[in-house]
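Below is one structure, written out as structure tokens; comments come after it.
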Amino acid sequence: MPKLKQHELEEYLAEPGRYARFATVDDDGYPRVIPISFLFHNGTIQFTLRPNSAPWSNVRRDPRISIALDEMEDPMRRVIIQGIARVVHEPGSEDQWEDLHRQMLLKTRPADEVEEYLRAMAEAGVERPWLAVDLDAPTRVKSWRSFHAGEARDRLVPYAQQYLKS
């Protein structure tokens, strides 16, 4: 299965309607995976986590994370990211990233729902962090997709060469 070209990867990450699975490691060593909304912005995956949540505690303790994205329909693109989550804005500074949060939410929700959600969060005094994972080194980004119709194939089975016996 071919790797996504850089422009294909960026287009895929920027498409609306896409959620990701975000993985951290709990303090007992078990993986924790949650679905997240995200924003591809300036070469980074950006997102927020709930305050007082296990994923937020996990990132604070150990910032190594993994993010998985996929789709079931052709071209069946897949992306796996392993990297370091960095805190861009600490909880309590939501006014500094509200526009990015809005952009992120508008990828998966109607505008009226987004505005109501943001208003309710502000009124409730919820303070959240805003995080980013840079897609440059040392982050590991693996991607692949199914073959396009008529595309030359170097193998019969659509598996990476490493999975096929030689």
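The values are calculated or read from the model by the stated rules, or taken from the named source; none is laboratory data. Every value quoted in this text rests on a predicted model; they were computed, and no experiment measured them. Cβ atoms come from the backbone with ideal geometry, glycine included; neighbour counts cover every protein chain shown.
For the reader, a short list of remarks on this structure follows.
- Of all the numbered requirements in (1) modelled with pLDDT under 95; (2) not in a helix (DSSP H, G or I), Q162 misses one, and that requirement is (2).
- Count of residues meeting criterion [hydrophobic (A, V, I, L, M, F, W, C) and not in a helix (DSSP H, G or I)] in segment 45-57: 3
- Screening segment 2-44 for strands (runs of 3 or more DSSP E) wholly inside it with 3 or more residues that are crowded, with 17+ Cβ neighbours inside 10 Å returns the ranges 20-25.
- When segment 72-92 is filtered for residues that are over 15 Å from G43 (Cα atoms), touching a residue at least 12 places away in the same chain (Cβ under 8 Å) and in a loop (DSSP other than H, G, I, E, B), the ones remaining, listed by number, are D74, P75, M76, R77, E90, P91, G92.
- Residue within segment 101-110 that is farther than 19 Å from S143 by Cα, out of contact with any Leu (no Cβ under 6 Å at 6 or more places or on another chain), assigned to a strand (DSSP E or B) and of a type in the set (S, T, Y) present: no
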